[in-house]
């Protein structure tokens, strides 16, 4: 795949989030626009240094963060009494939030894969119990099964999904 195509795909997917990140750090639209443009240019010119398969968002954030720091160093009027330590704290908090979000997205992806592994009857009970929020009593009465049987099925579903997601996460850690 040509470099410009790879860059375009990654950038297009991430540009809204990147702009929001910059705007959160500078809280001024004009300044955020300028920093965003500078960051985009740097991302393009340094794209050869980006390792395909790693997080484009983290790489872009690092470049944007350096641009924000440079902006504050040259434009003292925008600091509003904020020092560099405060910006570091904000950035670290953002990185933690982004990491948590990425991990959650990965677990949701695993959940989808694991749900597909369930048999059709188990998927139907999952749908009724977890998606439609029916009670075990309602499912039992609709299906003609005992409440005890439905509770056992729900427990079985929960355990299978938990084990499956855990297994996929461990496999990912080994890679």
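Mind ranking 63-71, 40-48 by how tightly packed they are, going by the mean number of other C-beta atoms within 10 angstrom, highest first?
Working: 63-71: 18.3, 40-48: 13.7.
The packing order, highest mean first, is 63-71, 40-48.
Could you calculate the FRET efficiency of residue 66 with residue 163 from 1/(1 + (r/R0)^6), where r is the beta carbon distance between them and R0 is 30 Å, rounded to 0.05? Mind dumping the intermediate values first?
Working: r = 43 Å, r/R0 = 1.44.
Working from the Cβ atoms, E equals 0.10.
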Using a simple spin-label model with points 7 Å from Cα along the Cα→Cβ vector, what separation in nm is obtained for residue 41 and residue 73? 1.7
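If neighbour count is taken as other Cβ atoms inside 10 Å, put 4, 130, 21 in order from fewest to most. Each step should come with its number before you reach the end.
On the way: 4 10, 130 14, 21 23.
Fewest to most other Cβ atoms nearby, the residues stand as 4, 130, 21.
For the stretch 105-155, calculate the relative contact order in percent as a whole number, restricting contacts to Cα pairs under 8 Å that are 6 or more residues apart. Walk me through the numbers on the way to the answer.
Working: 23 pairs, mean separation 13.5, N = 51.
Rounded, it is 27 percent for the stretch 105-155.
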Can you tell me how much longer the chain between residue 17 and residue 170 gets when fully stretched, taken as 0.36 nm per residue apart minus their C-alpha distance, in nm with one decimal? 52.2 nm
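Kindly identify the stretch 3-82 as rounded, prolate or oblate by the Cα gyration tensor criterion: order the square roots of the eigenvalues as a ≥ b ≥ c, call it rounded if a/c is under 1.5, otherwise compare a/b with b/c, prolate if a/b is larger, else oblate.
Values: a/c = 2.42, a/b = 2.13, b/c = 1.14.
It is prolate, given that a/c is not under 1.5 and a/b is the larger ratio.
Rule-based calculations on the coordinates, nothing more; no lab input. Remember, predicted model here, so these are calculated numbers, not experimental data. Cβ atoms come from the backbone with ideal geometry, glycine included; neighbour counts cover every protein chain shown.
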